[in-house]
Amino acid sequence: MRNLNFHGLSSEEAARRLAAYGPNEQPKAPPPGVFAIALRTLKEPMFFLLASAALLYLFVGDLGEGLFMVAGAGASVTLVVLQELRTERALQALNRLAEPTATCLRDGVERRIPARDLVPGDIILVGEGERAPADALLIGGDALVLDESLLTGESAPVMKTLAGAESPREFPDPGGEHTPFLFAGTMIARGSGMAEVVRTGARTAMGRLGATLAAIESEPSPLQQRTGRLVATLGAFALLFCVLVFLAYWLVHGDWFEGAIAGITLAIGLLPEEFPMVLAIFLALGAYRLARRNVLVRRSSVTETLGSTSILCVDKTGTLTQNRMRVAFAIPGGHDAPGDESRMLTRAALRASSLNPLDPMDRAVHVYAADAGVATEGEPVRSFPIRPDLLAFIQCWRDPSGESYAAKGAPEAIFKLARLSDEERTRLEIQIADLAHRGLRVLAVATTIPSPQAPTPEAASFNFVGLLAFEDPLREDVPAAVAAARRAGVAVAMITGDYPATALAIARQAGLDSDAGVIVGAEIAATPSERLPEKIRDLRVFARVTPSSKLALVQAFKADGHIVAMTGDGVNDGPALAAAHIGIAMGRRGSDVAREAAHIVLLDDSFPSIVVGVALGRRIFANLRRALIYVTAIHIPIAGVALAPILMGLPPLLLPPHVVLMELIIDPTCALVFESQPNEPDAMLKPPRRRDERLFGARELWLGFLQGFVVFLAVMSVYVIDSGLGAPQAQARGLAFATLVVSNLILALSDALPRGASLFSRDNLAFWLVAGAAAAMVAASLYVPPVSELLRFEPPSWQKLALALTLAAIAGSWYGVWRRLLYPAPRAQSEDGALTIDLH
C-alpha cells in the first residue's frame, strides 16, 4: 500500500485531450429520426385504414375528398411524429441524467465529473461498489478485489495490485490475478484506491464489445404490453366489422363504394389507437417531470407504482440528515483526559480511516485531525474492511517503533476486540447511551502496541483508546415532508446502522412514529420469516441493521400487504433494492451497485424529493386514468354514429374525412390537455390506492362507455330530429358533426379538470389552443362554402346551432358537474409546504 500525492491534469490539458480523444462513452445507436418515427407510425392499423379511404376517394370517388383525406392523414401523422419526438427528447434528457460519474483530481482538487469527460492521464479515485469508469492503471491505495464477470464471464473475483515502476502499460485481455489493470465496467468488490486512466471510450475493452451500463430502461411496461395486445385485438375486430359492413351495405344497397367507406369509418371509430400513444407519452413525460424534481426513473413501469407507495423505508444518514458529519466530541478512554491522550485518540482514529476518504465519518476524522494538528506519522501497510461479523475498519501501520493496528467502528465491535471487562463495558455503555440520546453517532477506537511484525487482527491484543461522537444535523425540510407523507397515508420507517438510542432521537426530531420503540438487526435476524411481518407491523425505527436484515424487512413489509419503497446506497443494498416494489438509490453518495439495482435514483439524496415523487406519481396515475377514460368515451359516439344510421336505414352520418378531423382534435387533447393537469387538492390527503387496483379496469371502462353513450344519444338525437323536421341531409349531418366536436371538447375538459381548478389556469392553455382551433374548424366546415361542400355539409340556422351546442354542453359536462357537486374540493393545506409545492 502506498500513500501517494497527485495533482492530476489541469483543466486546460483535460479539455485539450478530450478534444483529441473524444468523450469516454461507449458506442450507441443514434436516436430515431423523424423519418424512422414517421415510417413506424405509418405501419399502424389506423393509417392503413386512412390510406385505404384516401385511395378509394382518389381513384373511385371525388378527387377533392381524396386530396382532403391525404392532407388530413398527413396532418395526423405529423401530430403523432411531433408527440413521438417530444417523448424521445424527454427520454434523451433522462439518459443524460443517468450517465455515470467519476471522482478525479483536476488542478489538484478532487472533483465529481461525468465519466464521459474523463481523458487518458486523469487520476481517478475508485472504491467499493463502484464500476471502473475507464481502463486504468492502479497506482495508489489498497489492493483491490474486482468482479470482471461482465467482460470475462467468470464469477470468481480477482485481486488487483499496485503498478510498480517497471509495470507494463500495455493492457492484456481482461482476467488474471495480481495485475494493476482496471477495466471499464468492472465492479470494485472490495477496497479503494487511485488509478491513472489509460484508455477511454471505444478503445476500452468494454467499448470493443459494445456493452453499455446504467442506461434508462425503455422497455414497454406491463401496462403498455397489455394495452398493445388489447389494441391489436380490437384492431382485428375493427377490420372484421369493416368487412362485414362492406358486404352488408353492398348486398342490401348494391353500392360497394359507399359500403367500403361506411366500413372504413366504422373501423376507425372502433379502433382506440390513442391508447399506446397516451401511455408512452404519459410515462415518458411523467418520468421527465419526476427528474425535474430530482427523482430519476430508470424503469418506466415504476411510474405506475410510485403513487401507490404505502411505506417508505429510508436511511438516516444523508436522507433524513444533512450528511455533513463532524466530530462533536473526542473522549479518550470514555472520559475527559489530558491533551496527550486526546492527541493519541485522534491519531489512532486517523490511522483507522481511509487515506483517500469517501465515507463522511472518515472525512470528518481527517478534518478534525487537521484542525488539531495531528498526523498519522507512519506508513500504511494493509487494511481490513468492515465485515458483517465485525463492524470495524482495521488498518496496519509501520513506523520506527514497528507495526501496529488501528481500529475504528461500532462500540460493541471495538469492545470485543479490546476484550474489555463487564464493568468497563457498562461504564462506557452509559456514556454512549447519553451521547446517543442527544442524536450523536458514536464510534469507538482501539490500537495495538507496536511489534516488529504485527500478527493477524484476530490474534492481536487491542487496547481501547476512546470514543468519537459525530454530529449530523437533521435536514430542515424533513419534518414537514414526513408529516406530508403520514397525512397521505404513507408510513415512514427509518432503517439505520446506528445505535438504537441515536436512531430514536433522530426519529423523534424528524416526526416519525416512534411510539412502538426500536428493534435491532440481531432481533430481526433471530425472528422466523413467517413471524416477522406481525412483529414489525407497528415498528417504524430499526437500528443496527445489516444488509441481510434490510432484505428481511422489505420482504416482511411486502408480506404484510405494503407497497414498499426502499432507499439504499451501499454495495450490499442491491438485494433489498431489487426486492422492493420501488428501489431508490442515492445519486450523490450511492454505489454503482445500488444504482443499477434500483428502479429510481434520487439525484439530491433528499427525503422530501421522495415525498414529492409520490405526489407526482399520484398525479401521473390520475391523469393517465382520466385520459384513458376519455379515449374510451369519445370512441363510443364515433363508432355509434358510424354504425347506427346503417342499422336504422338512414343515410350515413360520419364519413372518413369527418373522422380524420375528429382524430386531429382527439390526439392533441388526450396527449397534451390531460398530461398537464395538476393534482387534485386532496391527492396527498388520501391513503394510497389498493395494491390490486388497476389503472384501467371494469369501472373505468363502464364510466367511459356511459359518458360516450350519452354523447352518442345527443349526437344521434340532433341528426334524427333535424332530419325528421325536413332539414336537408347535409345540414343534419353538419349540425350533428358540430354537436359531436363540441361535446368531445367539453367532455375532455370535464374529465381532465381537477376539482377546484380554474378553467383559465396556465395548465389549461393547451386545451384552449385545441378548442380554438376546433371552433375555427367547425365554423369553417359549416359556413365556408368550399369547405362545407367538400365535407358534404350545409350551414344550419344560428338558432338550430345554439340548441345543438347547448345539448352538446350538457352531454359533455354532466359527469364533471355531478362529480364536483358530490365531491367538492377541500381547502388547501397551507401549513404543509410539501402539499403547496409547485409540481410542474
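The values are calculated or read from the model by the stated rules, or taken from the named source; none is laboratory data. Keep in mind it's a predicted model, so treat the numbers as computed, not measured. When we count neighbours, we look across all protein chains shown, and the Cβ atoms used for this are built from the backbone with ideal geometry, even at glycine. Just the protein is used for accessible areas: all its heavy atoms, side chains included, with ligands, DNA and RNA removed. Shrake-Rupley method; radii C 1.70, N 1.55, O 1.52, S 1.80 Å.
The local environment of Asp605, defined by Cβ-Cβ distances under 14 Å, has a net charge of +2 under the rule Lys, Arg +1 and Asp, Glu -1.
Computed over protein heavy atoms with a 1.4 Å probe, the carbon and sulfur contribution to the accessible area of the chain reaches 60%. Our summary gives segment 402-516 a relative contact order of 30 percent, counting only alpha carbon pairs under 8 angstrom and 6 or more residues apart.
Among Leu532, Ala406, Ala730, which residue has its Cα positioned farthest towards the positive end of the charge dipole of the chain, with +1 placed on the Cβ of Lys and Arg, -1 on the Cβ of Asp and Glu, and the dipole taken about the Cα centre? Going by the charge dipole, the pick is Ala730. Only one residue of Cys242, Pro100, Ala284 has its Cα farthest out toward the positive end of the dipole of the chain, where Lys and Arg carry +1 and Asp and Glu -1 on Cβ, and that residue is Cys242. The figure for Lys800 is an accessible area of roughly 60 square angstrom, using a 1.4 Å probe on the protein chains alone. In terms of accessible area, using a 1.4 Å probe and ignoring ligands and nucleic acids, Lys558, Lys160, Lys416 rank largest first as Lys416, Lys558, Lys160.
Relative contact order for the chain: 12 percent, from Cα pairs under 8 Å spaced at least 6 residues apart, divided by residue count. Only DSSP H runs of four or more residues enter the estimate; each adds -39500 (n - 2.57), and after division by the residues of the chain the mean residue ellipticity at 222 nm equals -16000 deg cm²/dmol. Between Ala15 and Ser797, the modelled labels are 7.7 nm apart [label points 7 Å from Cα along Cα→Cβ]. Backbone geometry of segment 433-448 corresponds, through the Karplus equation with coefficients 6.51, -1.76 and 1.60 at θ = phi - 60°, to 3J(HN,Hα) couplings of 4, 5, 5, 5, 5, 8, x, 9, 9, 10, 10, 10, 10, 9, 9, 10 Hz, x marking Gly and Pro.
Computed about the Cα centre, the dipole magnitude for segment 406-461 is approximately 200 debye when only Lys and Arg (+1) and Asp and Glu (-1) carry charge, each at its Cβ. Restricting attention to the chain, close to 75% of DSSP beta bridges with both partner residues there are antiparallel. Phi-derived couplings, Karplus 6.51 cos²θ - 1.76 cosθ + 1.60 at θ = phi - 60°, listed residue by residue for segment 740-747: 5, 5, 5, 5, 4, 5, 5, 4 Hz, with x used for Gly and Pro. Ligands, DNA and RNA excluded, the heavy atoms of Arg595 present near 40 Å² of accessible surface to a 1.4 Å solvent probe. A 1.4 Å probe over all protein chains sorts Phe621, Phe470 by accessible area into Phe621, Phe470, starting with the largest.
Accessible area of Arg16 (1.4 Å probe, protein heavy atoms only, ligands and nucleic acids ignored): about 140 Å².
A Förster radius of 60 Å combined with the Cβ-Cβ distance from Glu166 to Arg419 puts the calculated FRET efficiency at roughly 0.85. Surface exposure of the chain, expressed per residue as accessible area with a 1.4 Å probe, stands at 42 Å². For volume of the Cα convex hull per residue in Å³, the candidate list reads (i) 169; (ii) 192; (iii) 266; the entry that matches the value derived from this model is (ii). Listed values for segment 678-687 are Karplus-derived 3J(HN,Hα) couplings in whole Hz (6.51 cos²θ - 1.76 cosθ + 1.60, θ = phi - 60°), namely x, 5, 4, x, 9, 4, 9, 10, 9, x, and x replaces Gly and Pro. Between amide H atoms placed 1.01 Å from N, distances below 5 Å from Asn463 occur with Thr447, Thr448, all of them 5 or more places distant or on a separate chain. Approximating the spin labels as points 7 Å out from Cα along Cα→Cβ, the Ala773-to-Ala202 distance works out to 4.1 nm. Between their Cα atoms, which of Lys408/Lys550; Lys316/Lys408; Lys316/Lys686; Lys408/Lys558; Lys160/Lys416; Lys316/Lys535 are more than 29 Å away from each other? The pairs that break the limit, which is 29 Å between Cα atoms, are Lys408/Lys558; Lys160/Lys416. Translational diffusion coefficient of segment 481-528 (Stokes-Einstein, Kirkwood radius from Cα pairs, 25 °C, 0.890 mPa s): 208 µm²/s.
Close amide H partners of Val545, meaning residues 5 or more places away or on another chain with modelled amide H under 5 Å apart, are Thr496, Gly497, Asp498, Gly521. The distance from the alpha carbon centre of segment 399-417 to that of segment 162-192 is 30 Å, rounded to a whole number.
Shown are Asp682, Asp122, Asp147, Asp515, whose ranking by accessible area with a 1.4 Å probe and every protein chain present, most to least, is Asp515, Asp147, Asp682, Asp122.
Charging the Cβ of each Asp and Glu at -1 and of each Lys and Arg at +1, and nothing else, the dipole of the chain about its Cα centre rounds to 1200 debye.
Farthest towards the positive end of the charge dipole of the chain, among the residues Thr179, Leu706, Ala598, is the Cα of Leu706, using unit charges on the Cβ of Lys, Arg, Asp and Glu.
Rounded to the nearest 20, the Cβ-based charge dipole of segment 663-770 about its Cα centre (Lys and Arg +1, Asp and Glu -1) stands at 260 debye.
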